[in-house]
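*Asks:* Below is a structure I'd like to ask you about.
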Amino acid sequence: MQIDETASQETMSWWQRGVIYQIYPRSFQDSNADGIGDLDGIIGRIGYLAELGIDAIWISPIFQSPMADFGYDISDYLAIDPLFGDLPAFDRLVTEAHRLGLRVILDYVPNHTSDRHPWFIESRSSPTNPKRDWYIWRDAGPDGGSPTNWISEFGNSSWTWDGRTGQFYYHAFLREQPDLNWRQPQVRAAMLDVLRFWFARGVDGFRVDAIHHLIEDAEFRDNPINPQWREGRSPARRLLRVHTIDQPEVHDAIADMRRAAEEWGRDRVLIGEAYLPIDRLVTYYGAELGGFHLPFNFHLISTPWTAPAVSALIEAYEKQLPAGGWPNWVLGNHDRSRLATRVGEAQARVAAVLLLTLRGTPTIYQGEEIGMGDVPIPPERVRDPWERNVPGLGLGRDPVRTPMQWDSTPNAGFSAVEPWLPVSGDFARRNVAAQSADPGSILSLYRSLLALRRAEPALNIGAYVPVLTTEHVLAYERRHDESRLLVVLNFTGQAAQVEAGRGRVLISTGARRSGEEIGATLSIGPDEGLVAERLA
Ligand code: NOJ
């Protein structure tokens, strides 16, 4: 349990009190009838986001890109890709967001560029080019093959042979995404200037992509075999990535990013993307907390959806957070199977109560608030390069990137033309317009939870105090000053009885009315999650 006695609405930053909403821009709203979402589309829907009650939008990459990995392969960090708009459109978006009290977080991709970035074109032009060492070039191994056994995250070797200059280059992801060499001081300086460019344009923070991949072993040692790997799993997991991720030198680079952010004061946020065990993840807050404000905590995505497992996760995370390190929680994103598919529609509501009542900054992935699930993609419509590289293993991310469902008009109100990925078959029923009109919808639940979280310091900055965990139920309190809120979550489809103490219901996903009193013995309904005001 962490109690920060000094926490108050005034001393906490917006990124601590607030809620982040991830926009996957290709699939949020198309405004120019090309089937792909864009910045003007986001501007058109920004009123929806302000009303929903979130505090910040994080927009996945919108920069100039050949789109081999849908924007995570950048050929100019300082330009908006024409698919999405232009700099004036971006400036309008920031102005409009700020006018409505929403912060804007961009995606920063420091690990790799596109192979069409002018830096890489120069680098690969000759072994003596001044930018040669901006990327990671190596001679062939003694057998003429790859310099190491390293495997790309998307399958295949992570080394690509460049016949013209007679060396291999390294890429943690696609061959179209060569890794930058962060040991090269000029690379660092140029990449920090990217942050400065956008901060100067009014951006409130960055989500930093694939940070655990930033630096590789200086001695280029082979990775050991993973004895746990089985056929059918991701080929990249054949090896334990001891020499390719989470290297000690990464923290120095992150500290540089943090210093660049602080040139704009203390209010700009840096959020690091690192899929790591908790004990490693918490090191990304940095020595003396000079690292990321929020190293993304993805553990709710991978933890089995049971009360005991989630309870143990919360306790382990709370315990391992460094002093002064602010927690955060995520239920989904554009890379992982959607929440409603993972836990089912009824439990997705319980998960919403959990996400929005835990201690720490929540991030909502677009569509989660209407309960969107993974959408099956017919083979001829597959777009994700990962699925194309290693088909049939269930690794493709298209199913979680389908268009946002706004209403029941053709293409779900996302676009006037056929969208780049198919719209889910359930759009006529599952959409923002229909759910806005239904007080019992998951969208209405999200709205109530967001409003309550905003209104109650116990929820947005208070302490987390465990109450009980059973096979079915997790209960905890959130406390701030005299205020005590009780949260009770039934992770199963069976009713259960718990001794959670007395309270008056504020929100319930079940039949219980707001204002209803609950006694010392509570019968919690199947798939019910509730928030109550504590009664003595
Ligand atoms: C993580 C991003 O979230 C993912 O979409 C991307 O493919 C990789 N990093 C590579 O940038």
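Derivation of every value follows stated rules applied to the coordinates shown; laboratory data play no part. Remember, predicted model here, so these are calculated numbers, not experimental data. Virtual Cβ from ideal backbone geometry, glycine too; neighbours counted across all protein chains shown.
*Asks:* Could you tell me the convex hull volume per residue, in Å³, taken over the Cα atoms of the stretch 118-170? Each step should come with its number before you reach the end.
*Replies:* Working: hull volume 4.3 nm³, N = 53.
Convex hull volume per residue, Cα atoms: 81 Å³.
*Asks:* Between LEU468 and SER514, what FRET efficiency follows from the Cβ-Cβ distance if R0 is 22 Å, with the result rounded to 0.05?
*Replies:* Numbers: r = 23 Å, r/R0 = 1.05.
Calculated value: 0.45.
*Asks:* Taking H placed 1.01 Å from N in the peptide plane, check which residues at least 5 places from TRP58 or on another chain put their amide H under 5 Å from its amide H.
*Replies:* TYR21, GLN22, ILE23, ILE105
*Asks:* Quick one: order HIS112, HIS243 by neighbouring beta-carbon count within 10 Å, fewest to most.
*Replies:* HIS243, HIS112
*Asks:* Per the Kirkwood formula on distinct C-alpha pairs, the Rh of the chain is how many angstrom?
*Replies:* Result for the chain, one decimal place: 24.2 Å.
*Asks:* Moving to a separate point now. Run the quick spin-label model on GLN497 and ASP193: label points 7 Å from Cα toward the beta carbon, then report their separation in nm to one decimal.
*Replies:* Roughly 7.1 nm, to one decimal.
*Asks:* Would you mind checking which residues have amide H under 5 Å from GLN167's amide H? H placed 1.01 Å from N; only 5 or more apart, or other chain.
*Replies:* Excluding prolines and chain starts, which carry no amide H, the hits are ASP162.
*Asks:* What length, rounded to one decimal in nm, is gained on full extension from ASP162 through to ARG259, with 0.36 nm per residue of separation minus their alpha-carbon distance?
*Replies:* Here the answer is 31.3 nm.
*Asks:* OK, next. Suppose the Debye formula is applied to equal point scatterers at every Cα of the stretch 425-526; what is log10 I(q)/I(0) at q = 0.17, 0.18, 0.24 Å⁻¹?
*Replies:* Each listed q maps to, in turn, -0.88, -0.96, -1.34.
*Asks:* What percent of all Cα-Cα pairs in the stretch 268-335 falls into each 10 Å bin, going from 0 up to the bin containing the maximum distance?
*Replies:* Spelled out per bin, shortest first, that is 20, 55, 23, 2.
*Asks:* While we're here: For the chain, which longest stretch is free of loop sites, where a loop site is one of the GluC sites (Glu not before Pro) that DSSP puts outside H, G, I, E and B and that has at most 10 other Cβ atoms within 10 Å?
*Replies:* Here the longest segment lacking exposed loop sites spans 232-481.
*Asks:* Can you pull the percent of Cα pairs in the stretch 26-94 with separation above 19 Å?
*Replies:* The answer is 31 percent, as a whole percent.
*Asks:* Relative to a virtual label point 7 Å from the Cα of ALA309 in the Cα→beta-carbon direction, which members of the stretch 475-513 show backbone nitrogen distances below 17 Å?
*Replies:* Hits in the stretch 475-513 for ALA309 at 17 Å: 490-494.
*Asks:* Beyond 20 Å, what share of the Cα-Cα pairs of the stretch 281-376 is found? Please give it as a whole percent.
*Replies:* 37
*Asks:* In nm, to one decimal, how far is the modelled label at ASP76 from the one at ALA323, with both set 7 Å along Cα→Cβ?
*Replies:* About 4.9 nm, to one decimal.
*Asks:* Now a separate question. Send over the semi-axes of the stretch 378-445's equivalent ellipsoid, whole angstrom and largest first, taken as the square roots of 5 times the C-alpha gyration tensor eigenvalues. Write down the numbers at each step before the final one.
*Replies:* On the way: eigenvalues 155, 40, 12 Å².
Equivalent ellipsoid of the stretch 378-445: 28, 14, 8 Å, largest first.
*Asks:* Could you go through the stretch 436-448 in sequence order and give the Karplus-derived ³J(HN,Hα) for each residue, using 6.51 cos²θ - 1.76 cosθ + 1.60 with θ = phi - 60°, rounded to whole Hz, and x for Gly and Pro?
*Replies:* Values per residue, Gly and Pro as x: 5, 7, 10, x, x, 7, 5, 4, 5, 4, 4, 4, 5 Hz.
*Asks:* Take GLN184 and VAL382, extend 7 Å from each Cα along the Cα→Cβ direction, and tell me the distance between the two endpoints in nm.
*Replies:* 3.4
*Asks:* Given the Cα atoms of the stretch 202-354, and with Rh set as the inverse mean 1/r over their pairs in the Kirkwood sense, what is Rg to Rh to two decimals?
*Replies:* Computed over Cα atoms, the ratio is 0.99.
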